[in-house]
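> Structure in structure tokens, see below.
The values are calculated or read from the model by the stated rules, or taken from the named source; none is laboratory data. Fair warning: this is a prediction, and the values are worked out from it, not measured in the lab. Neighbour counts run over all protein chains shown; Cβ positions are idealised from the backbone, glycine included.
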Amino acid sequence: MSERSSQRPCRPNVRSFVMRRARMNKLHRSAIERLSPVYVIEPHSGRRGSLFDAFDGVDCRKRIFEIGFGMGYATAEFAAAHPEICLLGSEVYPPGVGKLLSEIERLGLRNVRIVRDDAVAVVEDGLRDEELDGVHIFFPDPWPKKRHHKRRLVKPEFVALLTRKLRAGGYLYITTDWQEYAHVIAEVLSANEELDNVDPLPDAPRFSRPRSWRPQTAFERKGVAKGHLVREFYYIRRTAP
């Protein structure tokens, strides 16, 4: 992907993540060294077209982009259960990249690729319009302090950009256990005229019923154990009338 000028309206002045010092164990380091040439896509390699072109020899019947897969357990579980889906995951946390790579090797997965870059840059520069069947954003950082709200990923302009990348009938799937952020996400998605909540909760129609096929993340299990309420958003891009 090539760097674009600062005139691109969606590229944030502040990132939605902070690069923290990460402690790498031998398993993570070994996986990155051995498997990156096959499964990790360099974000600024001058590649043209779509990052999904890197799925050489894989029959991509559906294309899913996951933003921020964390340690990658749920990502690997989903990919193993759906070999017909090509899953591109973005993550900047090195131990998470290493762990997902080790899971790819352990499970023999051919349908996963990783890009280590800011998600907004990936969407702007690495994906074609109307090529995605789905986008997963599971438990994005809520940045709870008010002065950090500008770092939140789910904003109207980014959702509009993601919507352009979805084919008609494609879905945007977001989850959070931070209630204030959940209401913000609900407002952003409800205001987008190209998205519909196709399976709303009866008593809270801006939220969605959980999808039975979504694996539970490690982060989610910890939150549920603490009594956190998980809110889900499963919105579909409208088809042409």
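> Among the strands (runs of 3 or more DSSP E) contained in the range 149-241, which hold 2 or more residues that are of a type in the set (Phe, Trp, Tyr)?
Details: elements: 166-176, 195-197, 204-208, 231-237.
Counting at least 2 such residues, we get 166-176, 231-237.
> If you don't mind, there's one more thing I want to ask. Among (1) farther than 29 Å from residue 126 by Cβ; (2) surrounded by 14 or more Cβ atoms within 10 Å (Cβ to Cβ); (3) among the hydrophobic types (A, V, I, L, M, F, W, C), which single condition is residue 229 missing?
Answer for residue 229: the failing condition is (2).
> Here is a follow-up. Of the residues that make up the range 101-108, is at least one at pLDDT below 95, closer than 17 Å to residue 37 by Cα and surrounded by fewer than 20 Cβ atoms within 10 Å (Cβ to Cβ)?
Our first condition is that a residue be at pLDDT below 95; within the range 101-108, this holds for none.
Checked the range 101-108: no residue is at pLDDT below 95, closer than 17 Å to residue 37 by Cα and surrounded by fewer than 20 Cβ atoms within 10 Å (Cβ to Cβ).
> Could you tell me which numbered condition residue 182 fails, if it satisfies all but one of (1) out of contact with any helix residue (DSSP H, G or I) (no Cβ under 9 Å at 6 or more places or on another chain); (2) surrounded by fewer than 21 Cβ atoms within 10 Å (Cβ to Cβ)?
So residue 182 meets the others, but not (2).
> If residue 29 passes every condition in (1) part of a helix (DSSP H, G or I); (2) surrounded by fewer than 16 Cβ atoms within 10 Å (Cβ to Cβ); (3) modelled with pLDDT of 95 or more but one, which one does it miss?
The one condition residue 29 does not meet is (3).
> Give 129, 118, 125 a once-over and let me know the one that is among the charged types (D, E, K, R), touching a helix residue (DSSP H, G or I) at 6+ places or on another chain (Cβ under 7 Å) and either crowded, with 16+ Cβ neighbours inside 10 Å or over 21 Å from residue 218 (Cβ atoms) (or both).
129
> With the condition being touching a Cys at 6+ places or on another chain (Cβ under 9 Å) and not hydroxyl-bearing (Ser, Thr, Tyr), I'd like the helices (runs of 4 or more DSSP H) fully within the range 36-148 carrying at least 2 qualifying residues. Spell out how you get there, then give the answer.
Details: elements: 73-81, 94-107, 119-126.
So the answer is 119-126.
> Among what's in the range 204-226 and is touching a residue at least 60 places away in the same chain (Cβ under 8 Å) and of a type in the set (A, V, I, L, M, F, W, C), pick the residue that is surrounded by the fewest Cβ atoms within 10 Å (Cβ to Cβ).
Taking the candidates together, the pick is 213.
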